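The values are calculated or read from the model by the stated rules, or taken from the named source; none is laboratory data. In this text, all values refer to a predicted model and were calculated from it rather than measured experimentally. Positions of Cβ are backbone-derived with ideal geometry, glycine not excepted, and every protein chain shown enters the neighbour counts. Accessible surface is based on the protein model in full, side chains and every heavy atom, while ligands, DNA and RNA are left aside. Shrake-Rupley method; radii C 1.70, N 1.55, O 1.52, S 1.80 Å.
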Amino acid sequence: MRAPSILFVLATELYTLKVGLSFAFDASLLPLVVESDSLAAMQFLSKEEECLAPEGVLATKIQHLLLALSSCVRFVPRTTNTVAHHIACYSLCAEELCFWLGDGPPWLLDGVREDWSCFV
């Protein structure tokens, strides 16, 4: 789905996590292990003290969702991010929320294979 006009990369990363976790909660997909290649977002979420920055509201909502889902988020560094790039390009043209359970569209699966080949 298109993200709102958020100017900061960290806020966009956090917003994306919140939307995905909200969807998982509504669809009863639990427990989850969510992986992110955003070290800044993971560090932000690991803080225990309340953050008064604009991103702090998103972080608090994500932390509550993680507790409700009995789930965790972990940092996974990536040397390539083909899947994220494909999804970002797709979302710029998408008019509505899209999700795939099971097999995704070929363009997405090709990106997954390309990213996966970097780890093998």
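Quick look at the values:
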read-out	value
On Cα atoms only, tilt of 106-117 relative to the major axis of the chain in degrees	80
Shape of segment 1-109, Cα gyration tensor, a/c cut at 1.5	prolate
Protein accessible area in segment 10-120, 1.4 Å probe - carbon and sulfur %	61
Glu35, Glu49, ranked by accessible area, largest first (probe 1.4 Å)	Glu49, Glu35
Solvent exposure of the chain as accessible area per residue, Å², 1.4 Å probe	69
In degrees, nearest ten, helix 54-68 long axis to first principal axis of the chain (Cα)	80
Degrees, to the nearest 10: 9-26 long Cα axis against longest axis of the chain	80
Dipole-positive endmost among Leu67, His86, Cys51 within segment 46-87 (Cβ charges, Cα centre)	His86
For the chain, built as a Gaussian network whose Cα springs stay under 10 Å, the top-fluctuating residue of Ala53, Ala88, Ala41	Ala53
